[in-house]
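The values are calculated or read from the model by the stated rules, or taken from the named source; none is laboratory data. Please read all numbers here as calculations on a predicted model, not as lab measurements. No Cβ is skipped: glycine too gets one built from the backbone with ideal geometry, and neighbour counts run over all protein chains shown.
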Amino acid sequence: MNGWETRHSRIKADATQHDLRRAIDECVFPYIPKARQQRTGLLIDFLNMKGTSSETDIIDLLMLGENKFGVLLANLPGTVSATLEDISLIKTALRDQKTSDSSAAALRALDNFFSENFQSEKGVCAFYALLNQHERQINFASAGHLAMLLYRPSENKIYRLNTEGVPIGKAAVTANGKARHFNSSLPQIKSEVADFIQNDLLILYSEGVLKARNTWGESFGMQRLLQLIRKNGHLQPTPFLVEVQNTLEAFTLGEVQEFDCTVIALKNMLPVIDKSEMDAVASFKKKFLSIEDEEYLLQVAEKYPDARISELMNLLGDRYIELGHEAIRSYLTSPRAQSINKIANGKADLPQRENKKNNVHRQLLQEFPTRQLIFKKYEFRGNTGVIGQALEYYQNGKYQESLIEFMKVKKAIAESESVFCFFGNLYLLLNMSIKAKQEFLKALKLNPKSTHAICALSYVSLLHEDYEGAIHHLATAIRMDENLTDYYNFLKKLVNTVNTSSEWIV
């Protein structure tokens with residue numbers, strides 16, 4: 001049995017009709033024996049659907065030791081006329097770095113190789129990952145490539161793993177428009193290390209997957225890919241890739257695409273060793289945000305465009321504070337082409353209805369008159385030193401520190417409507433909407449006519465996309481106080497939005 005047959009023997013009989021590597025037989029075929037995969041507990045497979053473009057996806061899987069593997073996904077631009085022999089040389093150059101423990105160092109070596117052998121103005125986008133199965137760790141680096149995704153079934157969350165880096169082998173253009181020499185990328189590629197746990201699924205994918213189009217001109221896009229991963233991420237790599245291919249073919253009606261559609265899937269089947277799974281998860285979350293958390297970060301940054309990173313961190317709360325200043329900066333400055341909301345051709349990749357829904361909801365949150373609720377000056381009678389310090393933190397935007405100080409003396413503060421509203425505001429600023437709601441309900445219990453609490457509950461409802469609740473609370477507050485002009489104007493806009501968008505508001 002040859003290598004190709006061995007690989008396909010892993011697929012169930014009813015799935016053998018799916019050629020996971022259509023037209024890959026003309027390439028240098030990467031292969032890691034099934035026995036090695038089972039012994040190390042790291043399952044690996046890939047899907048490659050060739051496109052009509054002269055651009056080519058390069059896939060390589062390397063065995064670097066009993067428990068160490070390397071995975072490369074790169075895209076050769078159409079201007080690089082690479083033969084099968086050239087592709088073989090590229091893979092040989094990568095294997096020369098097999099003793100290195102740095103994925104960034106391996107990409108830098110490839111940068112030198114391209115400098116000597118190819119001419120490319122665009123450069124080569126590449127992602128390289130070193131997996132140490134003994135340590136349950138991955139060392140990865142990106143040279144301008146789309147980020148790797150990690151799906152964690154235990155949380156049903158997807159994380160985007162990326163590093164700073166520019167395409168390798170990028171030529172500098174001279175005055176006459178010709179590429180004469182290469183612009184080294186050495187200082188601009190960084191590697192990162194992440195722990196993974198049992199059943200984690202790692203996914204590398206090419207731009208061709210996002211750019212795949214149906215007969216109506218819609219792109220497959222990131223949102224559909226994320227939905228596909230959440231639905232099938234519990235599967236092992238081969239059946240997962242079968243589902244990927246089925247979904248892509250159903251979306252495109254089997255039409256051959258312009259660009260290669262490539263997906264590499266890796267799944268760890270073994271529990272962590274030398275540390276608890278809880279420690280491994282905690283270590284991971286200190287470095288990376290889930291896609292949902294990243295989206296929220298971007299929404300808050302758009303809402304407060306003039307805020308410093310430290311101020312954003314205080315607004316966002318503990319989950320973001322533990323990441324640190326540099327990580328937040330990296331997320332905020334990452335290219336929009338790698339954002340989960342856009343693809344490289346500049347068109348929104350979400351389905352039109354979902355994209356409209358997200359945009360409208362974001363706009364409503366931005367236009368809600370929150371300043372009248374949040375940015376108020378508070379005074380507490382009989383100020384102690386602790387309360388004075390807490391209020392100073394609050395006025396300076398250090399909301400986490402303010403909450404910590406207030407918790408020390410909260411029992412000594414007399415309960416009142418304004419106190420409950422104050423703590424509700426503080427929890428809102430820390431992105432703790434459930435806690436905030438509890439405080440505002442306490443304020444209403446003391447004073448059922450507290451328009452501050454009622455308007456704040458409207459904002460909490462809006463946060464959770466409860467449009468009916470938001471309208472009800474605002475209408476109630478306006479009936480109590482005719483001077484709430486800003487809230488009245490927003491209510492009219494909200495009602496109009498609901499009436500004209502009934503197809504997605506439920």
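Determine whether residue 100 is modelled with pLDDT under 75, on the phi < 0 side of the Ramachandran plot, of a type in the set (Gly, Ala, Ser) and in a loop (DSSP other than H, G, I, E, B).
So residue 100 does not fit the description; no.
Given (1) out of contact with any Asp or Glu (no Cβ under 8 Å at 6 or more places or on another chain); (2) more than 21 Å from residue 43 (Cα to Cα); (3) crowded, with 22+ Cβ neighbours inside 10 Å, where does residue 92 come up short, assuming only one miss? That leaves (3) as the condition not met. Only one entry in 344, 327 is closer than 30 Å to residue 149 by Cα, within 18 Å of the chain's Cα centre (by Cα) and either modelled with pLDDT under 75 or part of a loop (DSSP other than H, G, I, E, B) (or both), namely 344. Candidates are the residues of region 229-242 that are among the aliphatic types (A, V, I, L, M) and buried (at least 19 other Cβ atoms within 10 Å of the Cβ); the one that is nearest to residue 157 (Cα to Cα) is 229.
Table: residues versus (1) modelled with pLDDT under 90; (2) assigned to a helix (DSSP H, G or I); (3) closer than 24 Å to residue 146 by Cβ; (4) out of contact with any His (no Cβ under 8 Å at 6 or more places or on another chain).
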| position | (1), (2), (3), (4) |
| --- | --- |
| 256 | yes, no, yes, yes |
| 259 | no, no, yes, yes |
| 263 | no, no, yes, yes |
| 272 | yes, no, no, yes |
| 275 | yes, no, no, yes |
| 279 | yes, yes, no, yes |
| 292 | yes, yes, yes, yes |
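Scanning region 140-185 for residues that are more than 30 Å from residue 271 (Cα to Cα) and among the aliphatic types (A, V, I, L, M), we see that the one that is modelled with the highest pLDDT is 143.
Restricting attention to region 415-426 and to residues that are over 17 Å from residue 371 (Cβ atoms) and not small (Gly, Ala, Ser), the residue that is farthest from the chain's Cα centre (by Cα) turns out to be 415. For region 418-456, residues that are part of a loop (DSSP other than H, G, I, E, B) and touching a residue at least 24 places away in the same chain (Cβ under 8 Å) total 6.
Residue 79 meets the stated requirement of being closer than 22 Å to residue 206 by Cα, modelled with pLDDT under 90 and assigned to a loop (DSSP other than H, G, I, E, B). Checked against (1) free of Cβ contacts under 8 Å to residues at least 60 places away in the same chain; (2) outside any loop (DSSP other than H, G, I, E, B), residue 267 passes all but condition (1).
With the structure loaded, tell me whether residue 474 is part of a helix (DSSP H, G or I) and at pLDDT below 85 or whether it fails that test.
Working: part of a helix (DSSP H, G or I): yes; at pLDDT below 85: no.
So residue 474 does not fit the description; no.
Restricting attention to region 359-389, the residues that are over 18 Å from residue 456 (Cα atoms) and either surrounded by fewer than 17 Cβ atoms within 10 Å (Cβ to Cβ) or at pLDDT 75 or above (or both) total 11.
Can you spot a residue in region 272-294 that is aliphatic (A, V, I, L, M), more than 22 Å from the chain's Cα centre (by Cα) and surrounded by fewer than 16 Cβ atoms within 10 Å (Cβ to Cβ)? There is at least one residue in region 272-294 that is aliphatic (A, V, I, L, M), more than 22 Å from the chain's Cα centre (by Cα) and surrounded by fewer than 16 Cβ atoms within 10 Å (Cβ to Cβ).
The set of residues in region 240-280 being β-branched (Val, Ile, Thr) and in contact with a strand residue (DSSP E or B) (Cβ under 8 Å, 6 or more places away or on another chain) consists of 244, 252, 262, 263, 264, 272.
Would you pick out the residues in region 390-417 that are in a helix (DSSP H, G or I), surrounded by 16 or more Cβ atoms within 10 Å (Cβ to Cβ) and of a type outside the set (A, V, I, L, M, F, W, C)? Across region 390-417, the qualifying residues are 393, 394, 399, 400, 401, 402, 405, 417.
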